[in-house]
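K.L.:
My structure is below; once you've seen it, I'll send some questions.
The values are calculated or read from the model by the stated rules, or taken from the named source; none is laboratory data. Worth saying up front: this structure is predicted, and the values here are computed from it rather than measured. Here the Cβ positions follow ideal geometry from the backbone for every residue, glycine too, while neighbour counts run over all protein chains shown. Keep in mind that these areas ignore ligands, DNA and RNA; they rest on the heavy atoms of the full protein, side chains included. Shrake-Rupley method; radii C 1.70, N 1.55, O 1.52, S 1.80 Å.
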Amino acid sequence: QVQLVESGGGLVQPGGSLRLSCTASGSIFSIYAMGWYRQAPGKQRELVAIIIGGRSTNYTSSVTGRFTISRDNAKNTVYLQMSSLKPEDTAVYYCNARVASGGSSPHYDYWGQGTQVTVSS
């Protein structure tokens with residue numbers, strides 16, 4: 001099994017910054033990709049940012065230029081640096097990792113428990 005533990009959420013004023021962290025542990029042979037999703041009340045969960053292989057990144061258009069995703073492969077940790085936060089960024093943010101537990105095993109998706117980010121004055 002694989003566990004993802006997130007940290008770093010909270011309440012921040014518009015224009016402020018937050019940094020989310022997520023560490024994967026357990027039966028890990030390789031991690032293909034790690035990413036962040038978010039779900040606001042009454043809305044579907046959406047991809048915020050993803051990093052593949054530690055280098056290739058992709059962002060949803062609404063956060064491009066404001067959010068930066070990075071990954072520490074040695075620590076199996078992914079970060080999301082969020083700047084210039086807006087009230088519409090308010091959501092529960094979920095960490096995702098696509099993990100193989102063995103050399104010949106397929107990759108499966110695992111999820112963290114979610115961390116609340118609230119942007120409000």
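K.L.:
What relative contact order, as a whole-number percentage, does region 1-49 give when Cα pairs under 8 Å and 6 or more residues apart are counted?
P.N.:
That works out to 30 percent.
K.L.:
So, one more: Whenever you get a sec, compute what percent of the accessible area on region 2-121 sits on carbon and sulfur atoms (1.4 Å probe).
P.N.:
It is 47 percent, rounded to a whole number.
K.L.:
Percent relative contact order of the chain, based on C-alpha pairs within less than 8 angstrom and at least six residues apart?
P.N.:
The normalised contact order for the chain reaches 36 percent.
K.L.:
What accessible area per residue, rounded to a whole number of Å², is obtained for the chain using a probe radius of 1.4 Å?
P.N.:
52
K.L.:
With r as the distance between the Cβ atoms of ILE52 and SER25 and R0 = 25 Å, compute the FRET efficiency 1/(1 + (r/R0)^6) and round to 0.05.
P.N.:
0.75
K.L.:
Just need the relative contact order of region 29-80 here, percent rounded to a whole number, with Cα pairs under 8 Å and 6+ apart.
P.N.:
Details: 74 pairs, mean separation 15.1, N = 52.
Relative CO of region 29-80 lands at 29 percent.
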